[in-house]
Amino acid sequence: MEPEAYDDEAGEPQRPMGFVVDEERGSLPYRLIHGEALVAAAAWAMGEAGVDLVDVTVPWHVVADLGRALVLHDPLCPMTPPDFITECARVAVARDAVVVGVRPVTDTVKEVEDGRLGRTVDRDGMVAVCSPVVLPARVVAALPSRPPSDFVELVAGLRSSYEVVMLDAPPGAGRVASDEDVRVLEALTDPR
């Protein structure tokens, strides 16, 4: 599948650039899923989505000056489909808004009062940030440094200054937090 083109002001194709963000995620990004490291699966999906990967050693001012949308992909969401990454990038460019992939919250959420469990919180309308987070070019240019590696912190910080569009991610885009989660995601995304 050929990714959709992203046009700049001159009508030239403008592909988004991106990082696979593995900082502050421990060793889990290097576990295997379908015989590949999670980080490799995430990088493959970015390439298939038409995103030009940027080496993390490139200085931030160089990245910001390129005038391109930036796709941030979490290797703990290794099976995020390329089509979904492409759609998030397309929406970010078209709406000039931050776009974030989200999944519904399925865990029970409880309030804590004075160190004791309180009432159960209604999960309707709650979402969990997954991957990707796409920053349009003007947001990239305005950031003084590389975005934080914590996607929840990043999105919360951007909401006060920019429109944030949340797109429902498919089940395969779910985030893993343990080896057991990796096994479940592997079974969920088994192509057989």
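The values are calculated or read from the model by the stated rules, or taken from the named source; none is laboratory data. Please read these numbers as outputs of a predicted model, since none were measured by experiment. Glycine gets a Cβ as well: all are built from the backbone with ideal geometry, and neighbour counts include every protein chain shown.
Taking the stated definitions as given, is residue 29 modelled with pLDDT of 95 or more, farther than 19 Å from residue 167 by Cα and in contact with a strand residue (DSSP E or B) (Cβ under 8 Å, 6 or more places away or on another chain)?
In short, yes.
Please determine whether any residue of the range 106-127 is surrounded by 14 or more Cβ atoms within 10 Å (Cβ to Cβ), modelled with pLDDT under 95 and within 21 Å of residue 19 (Cβ to Cβ).
no
Any idea which of (1) aliphatic (A, V, I, L, M); (2) assigned to a helix (DSSP H, G or I); (3) in contact with a strand residue (DSSP E or B) (Cβ under 7 Å, 6 or more places away or on another chain) is the one residue 184 doesn't satisfy?
Only one criterion in (1) aliphatic (A, V, I, L, M); (2) assigned to a helix (DSSP H, G or I); (3) in contact with a strand residue (DSSP E or B) (Cβ under 7 Å, 6 or more places away or on another chain) is unmet by residue 184, namely (3).
Which residues, taken from the range 142-161, are part of a helix (DSSP H, G or I) and surrounded by 15 or more Cβ atoms within 10 Å (Cβ to Cβ)?
151, 154, 155, 158, listed by residue number.
Give the residue that is surrounded by the fewest Cβ atoms within 10 Å (Cβ to Cβ), with candidates limited to residues of the range 56-78 that are within 26 Å of residue 182 (Cα to Cα) and either acidic (Asp, Glu) or at pLDDT 95 or above (or both).
Residue satisfying both the conditions and the ranking: 72.
Looking only at the range 73-97, count how many residues are within 15 Å of residue 20 (Cα to Cα) and among the charged types (D, E, K, R).
Of the residues in the range 73-97, 1 are within 15 Å of residue 20 (Cα to Cα) and among the charged types (D, E, K, R).
Going through the range 12-24 one residue at a time, which ones are buried (at least 17 other Cβ atoms within 10 Å of the Cβ) and over 17 Å from the mean Cα position of the chain (by Cα)?
14
Within the range 77-104, count every residue that is out of contact with any strand residue (DSSP E or B) (no Cβ under 8 Å at 6 or more places or on another chain), closer than 26 Å to residue 37 by Cα and assigned to a loop (DSSP other than H, G, I, E, B).
Residues flagged as out of contact with any strand residue (DSSP E or B) (no Cβ under 8 Å at 6 or more places or on another chain), closer than 26 Å to residue 37 by Cα and assigned to a loop (DSSP other than H, G, I, E, B) within the range 77-104 amount to 1.
When you scan the range 44-61, do you find a residue that is in a helix (DSSP H, G or I) and among the β-branched types (Val, Ile, Thr), even just one?
No, the conditions are met nowhere in the range 44-61.
Determine the pairs where a residue that is in contact (Cβ under 8 Å) with a residue 24 or more places away in the chain and closer than 29 Å to residue 190 by Cβ, located within the range 75-101, has a partner that is among the acidic types (Asp, Glu) and crowded, with 24+ Cβ neighbours inside 10 Å with Cβ atoms under 9 Å apart, the partner being 6 or more residues away or on another chain.
80/74
Return the residue satisfying two criteria in turn: it lies in the range 25-39 and is assigned to a helix (DSSP H, G or I) and free of Cβ contacts under 8 Å to residues at least 60 places away in the same chain, and of such residues it is surrounded by the fewest Cβ atoms within 10 Å (Cβ to Cβ).
It comes out as 30.
Among the listed residues 164, 134, 182, identify the single one that is in contact (Cβ under 8 Å) with a residue 60 or more places away in the chain, over 26 Å from residue 17 (Cβ atoms) and under 18 Å from the mean Cα position of the chain (by Cα).
Only one candidate passes the filter, namely 182.
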